[in-house]
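First the structure, in the form of C-alpha cells, and then the observations on it.
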Amino acid sequence: MAAENDAQNNHKLSRSGTKCSVFTSQEKPNTSQTVIFNPDFFVERLRHEHPQAFADLVLSNITRLIDLPGDEFAQLTGESEAKVPSATGFLRSFNFLKRKDKGVVFGAPLTEEGIAQIYQLIEYLSKNLHVEGLFRVPGHSLRQAALREMLNSGAELDLETGDFHPNDAATLLKAYLGELPEPLLTHRHYHAHLKIGVLTCFDDNGDKTNVPDKERQIEAFQLLFMLLPPANRSMLKLLLDLLYHTARKQHINKMSAINLATMFAPHIIWPKNVMASDLQGNIEQLNKGIAFLIRHSQKLFKAPTYIKEYTRIYFTGSKTLQSKDDLTLCSGTKDGPMSAVTAASPSPSIRTIRGEGSSTSTTMSSESYTESALRELYQQVNNMPESAKKKKLIRQRKVLGSQVLTEKENRRLQSPLPSSQLMAGEVKTPAVEEINHL
C-alpha cells in the first residue's frame, strides 16, 4: 500500500511538471562554505526580491547586443503598448467570434494550472517521437474534440489506452498555443526576436559579415527569456525541449528543426490575428528564428555567466568563482567573457593589467563596489563613437547606477576576482555537429 501511495504521489508530481532533485552524500559538509545546488539561485533571488534592479540589469545587456530604437525599447519594457503587424477587420472579427467559447485551458490566459493539464499531452508525445509527420499530419477531429473537453474539465488523462493517436495530441498542442490570448513569446518581444535573428559576426576590420553570430544570438535569447513572464518561460521550455528531441529523431519522423519551426511559428511568435501577407516578408526570418531556438534549446534557459556572477556577488560579497566550466558560455564579444563583464553589466570592479606577454593580473580598487563598477561602465561607453545608441546607453547606465547605489551604498570589495578564471576559451564538443544537423 505504501508503495502504491508513493507511485501515485510521483505521478502527480510529474503531471504538474514539478521535478525534485535529492542529493544524498555520506561526506561531511564543509560548514565554512555555502553550497548552492542551483547555479541560477542568486539570479532568481534578485528577480523576486529586487525586480526592477533585475530588469534593468538584463535590459542593459540586451541593448548591448541589439539596437532597439526608443519606441521598440519602450515596447520591450512595457512602457508603451506593443506595436506589431495587424490584419484586416474581417479577420479580427472572425477570430473574435471563434474565441467566444473559452474553456478552462483552451483560449484562456496562460497559467501554471493550464500548463499542468497540457503537460499530459507533452509527456505522451515525448514517448511517441517516432511517429512520421508528427505535428504535421492532423489528428482525428472527433477524438480531438473529446480530448479537448477532457482537458478543459481538468481531468487526469490516461493516453496509453490506445483511444487516442499521437497526431491527436500533437494537433491539440498546436491548437492550445494558437488559442492563447497572446503569443507564447509575447507581442512585447516581437521586434527583439527579429533583431536577434540578424546578428552577424564581424571581420578583422570591424565590419559586419553575413555569417550568423550564434554565440551572441544564444546570449541575447538567454537574456530575453529572462524577461518572459514565469508561466510563458515554463511553457516555452517544455515546448522547446519536446521539439528538440523530436528533431533529433528526424531520421525516423521526417521532422527537422526547420519543419517543426514552420509548424509552430504561427502559433508561438506570429502576432495575433494576422495572415502571412501581413508580416511583410518576415515569415522566413521568423521560421529560421524558431528553428534556432529548437536547435539550441538546451542552452537558452541558463543565465549568462556574468549575470550569475554579478547576482552572486550582489548578495554574498564573495568574489570566488564557483566553476571555470560555467564560463564557457561565451558572451559573444570580441574579447570574450571578460569583456562582457567589464563592459556590459554593472559587475564587480575588475581591472586587468596586461604585460608584454600574455599573462594577466588583477588588481582591486579601494573604491566602493558600485562606484568602481559604474566608473568602468561609463568609461567603456564614453569610448564609443558618437551615436544615438551611445546616448541611449548613457541614459540607461545613469538610471541603473542610481538604483544600484541606493540599494548597495557603502558596500566594499573584500577580495579580487582572479581574471585567469574568467578567461575561458570556446569549448567544442560533438554536440555541436548534432545541433547543426537538426
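Of the set (1) open to solvent by 20 Å² or more (accessible area, probe 1.4 Å); (2) at pLDDT below 95, all apply to residue 175 but (2).
Checking each residue in the stretch 277-304 for being assigned to a helix (DSSP H, G or I) and among the charged types (D, E, K, R) picks out 278, 284, 288, 295. Residue check: is residue 182 in contact (Cβ under 8 Å) with a residue 60 or more places away in the chain, surrounded by fewer than 17 Cβ atoms within 10 Å (Cβ to Cβ) and among the charged types (D, E, K, R)? So residue 182 passes the test. Checked against (1) under 16 Å from residue 85 (Cβ atoms); (2) touching an Asp or Glu at 6+ places or on another chain (Cβ under 9 Å), residue 297 meets all criteria but (1). Taking the criterion of being over 20 Å from residue 149 (Cβ atoms) and either in a loop (DSSP other than H, G, I, E, B) or in contact with a helix residue (DSSP H, G or I) (Cβ under 7 Å, 6 or more places away or on another chain) (or both), the residues of the stretch 167-193 that qualify are 181, 182, 183, 184, 185, 186, 187, 188, 189, 191, 192, 193.
Checked against the criteria, residue 205 counts as at pLDDT below 95, more than 27 Å from residue 72 (Cβ to Cβ) and either of a type outside the set (Asp, Glu) or in a helix (DSSP H, G or I) (or both). For the residues 89, 103, 78, 70, the requirement of being surrounded by 14 or more Cβ atoms within 10 Å (Cβ to Cβ), modelled with pLDDT under 95 and of a type outside the set (Lys, Arg) singles out 103.
Each residue in the stretch 202-259 was checked for being open to solvent by 70 Å² or more (accessible area, probe 1.4 Å) and either of a type outside the set (Val, Ile, Thr) or closer than 17 Å to residue 130 by Cα (or both), and 16 pass. Does residue 164 meet the test of being over 21 Å from the mean Cα position of the chain (by Cα) and surrounded by fewer than 17 Cβ atoms within 10 Å (Cβ to Cβ)? Criteria not met by residue 164. Of the residues examined, residue 192 is one that is small (Gly, Ala, Ser), closer than 23 Å to residue 67 by Cα and within 14 Å of the chain's Cα centre (by Cα). The residues listed here are 222, 217; of these, the one that is over 28 Å from residue 111 (Cβ atoms) and at pLDDT 95 or above is 217.
The values are calculated or read from the model by the stated rules, or taken from the named source; none is laboratory data. Not measured: the values here are computed from a predicted model. Every residue, glycine as well, gets a Cβ built from its backbone with ideal geometry; the counts of neighbours run over all protein chains shown. These accessible areas exclude ligands, DNA and RNA; they are computed on the full protein's heavy atoms, side chains included. Shrake-Rupley method; radii C 1.70, N 1.55, O 1.52, S 1.80 Å.
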